[in-house]
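Structure record follows, encoded as structure tokens.
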Amino acid sequence: MKKSSFLNGAIIATAGIVITKILGILYVIPFYAIIGESSIALYGYAYTIYNLFLSLSTVGIPPAMSKLISEYNALKYYNTKERAYKLGKYLLIGLGIILFFIMFFGAPFIANQIMGDNTGGNSKESITFVIRIISTAILVVPYLSVTKGYLQGHKFMAPPSISQVIEQLVRIAVILIGSYLCVRVLNLGVTNAVGIAVFGATLGALAALIYLLVKIKKNKKDIIRTDDKKEEEKKITNKQIIKKLLIYSVPFISFGLALSVYDYIDMTTIIDGLTNLGFKTSDAESVLGVINTTGNKLNSVVLAISTGLMTSLVPNITSSFVKKDYKDVKRKVNQSFLMLLYVTMPMAVGLSILAKPVFYAFYGASNWGPKVFCFTIFIALFRCVFTTSVSIAQSLNKFKNVFISIIAGILVKLVLQYPFMNLFDALGLYPFWGSTLATLTGLATSFITNLIVINKVVKLDIKEYFKKMFKFIYPLVIMIVVLILMKNFISVDVNSTLSSVLVIIIYAFFGALIYFALTIKNGVFKDIFGDKLLRKLRIIRK
């Protein structure tokens, strides 16, 4: 099993996450056709509750485990490293068992809270049934997550990434094959079909876990060192390891909660704000649905890049920081931001320009969808930068500063939400764009706060950074101009899924060709990624 360099690790992790996100978007189309709209809601109830319990069952431990393993490896505390993994594993398995029982036996209460006294839709019994089935995943996923963190801490990025793809493929296979057989062949009804579909989460996680455990067993000598304990190691107690693991997990928990708070602010203010400005309630709900659900699904492909980068970033920067190799930390920080912006900026801009065909391709015709999505896609870009800054600050042990930056961003969002909506309405623009701008401003505030802290530690070369950044911004501007001019010849107004896909392919091809050709020619691609990839593609000579 081969260790990944920082760059290779980021690329491998990102590729794995992007593939799983794309698969996660695509399977919805046939699944929707099999079980219908009302049963999709039943499926959604199960996953909403599951995601909440999953967050509670992992409590930020997996990425914290990655950081801790990397730290102990750098210090050559090999025995302590293995103890940390075992303690983290037992902690999460125990927590998972407790939460499984709460979720399983609390399912009737949860179903009652969801439906109340309403009738005519999904029954409380059906909701209880699917929640109980998906609760079994809580017994497996925490163990899987901490094992991924363990391998990532060793800088083995390929196995966790492959396991993600395995997990998603098995899950989707169970969802589509199981629900089809249940509804179309065995005539067991849609409730049972949804039950089988949500059980895919358990089987997918189990398949991924088995793959990782087999991989660890086969490569035991590359992972587990049997060196004698150092004197310093002997003083480290299990209590100290657990305490450090929990401390390291706090920023990751705060980060996850922060993103939920942004969504919660939108959920509790947008409908009220838009109806006060003359929108119908049904239209306001449609707008909110795009911001918090359908648009978020599309944004997740862009967000996958920062998630993949974070996976590689935390153990690599932690390792260099523990060794006091600040020059290497500085190099990795600069490379992280440049690589992130180089990839995500053209993606976000391209998706914004193609908002109508992209939205149509996945969700069909929508009055509000493209109008909302063309701006909310930039939330993905800002969240990517924010996520990366949090990861770097966390790797530098700036836990307090991370927390302060998150709180500052949320307060900015909260304060600007209504004023920006009213301002945009007064300017004759869509008021929901004001809500998006409030989110962007909040995320930017958090990013700048983190960047100031990072700069104090590693003394970033801001001038050189912006110089390189300009070298891929002007190709981006040229790409935008060409795509806008193309609208005169190939309209983005579409009326079918096929025409939407064709428009996306044509625009994406020419946009990517222009952007990559110009950035390769001016040398910025080589500056960020090195020439190894170009040599493999035979774009430059060996």
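The values are calculated or read from the model by the stated rules, or taken from the named source; none is laboratory data. Everything quoted here is computed from the prediction, not taken from an experiment. Every residue, glycine among them, receives a Cβ derived from its backbone with ideal geometry; neighbour counts consider all protein chains shown.
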Within the stretch 253-275, track down each residue that is without any contact (Cβ under 8 Å) to a residue 60 or more places away in the chain and in contact with a Leu (Cβ under 8 Å, 6 or more places away or on another chain). Met267, Ile271
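Among the residues of the stretch 396-444, which ones are of a type in the set (Gly, Ala, Ser) and buried (at least 20 other Cβ atoms within 10 Å of the Cβ)? Give the steps one after another, and end with the answer.
Step one: filter the stretch 396-444 for residues of a type in the set (Gly, Ala, Ser), giving 405, 408-409, 426, 428, 434-435, 438, 442, 444.
Residues satisfying the conditions are Ser405, Gly409, Gly434, Ser435, Ala438, Gly442.
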State all residues of the stretch 474-491 that are of a type in the set (Val, Ile, Thr), assigned to a helix (DSSP H, G or I) and free of Cβ contacts under 8 Å to residues at least 40 places away in the same chain; if no residue qualifies, say none. Val477, Val481, Val482
For the stretch 492-524, which residues satisfy the criterion of being charged (D, E, K, R) and either assigned to a helix (DSSP H, G or I) or without any contact (Cβ under 8 Å) to a residue 12 or more places away in the chain (or both)? Lys521
Looking at Ile406, is it at pLDDT 90 or above, within 25 Å of Leu338 (Cα to Cα) and aliphatic (A, V, I, L, M)? yes
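From the list Ala74, Ala64, Ala13, which one is within 30 Å of Ile241 (Cβ to Cβ), at pLDDT below 75 and in contact with a Ser or Thr (Cβ under 8 Å, 6 or more places away or on another chain)?
Answer to the check: Ala13.
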Determine which member of the set Tyr45, Tyr32, Tyr85 is touching a helix residue (DSSP H, G or I) at 6+ places or on another chain (Cβ under 7 Å), assigned to a helix (DSSP H, G or I) and free of Cβ contacts under 8 Å to residues at least 12 places away in the same chain. Tyr32
Got at least one residue in the stretch 488-505 being of a type outside the set (Gly, Ala, Ser) and at positive phi? no
Out of curiosity, is Leu259 farther than 22 Å from Ile93 by Cα and touching a Pro at 6+ places or on another chain (Cβ under 7 Å)? no
Counted residues in the stretch 123-147 being over 14 Å from Leu91 (Cβ atoms), of a type outside the set (S, T, N, Q) and surrounded by fewer than 24 Cβ atoms within 10 Å (Cβ to Cβ) come to 7
List the number of the failed condition for Leu513; all other conditions in (1) over 23 Å from Ile379 (Cα atoms); (2) over 28 Å from the mean Cα position of the chain (by Cα); (3) at pLDDT 90 or above; (4) not basic (Lys, Arg) hold. (2)
Of the numbered conditions (1) at pLDDT below 90; (2) closer than 30 Å to Tyr360 by Cβ, Phe470 satisfies every one except a single condition; which is it? (2)
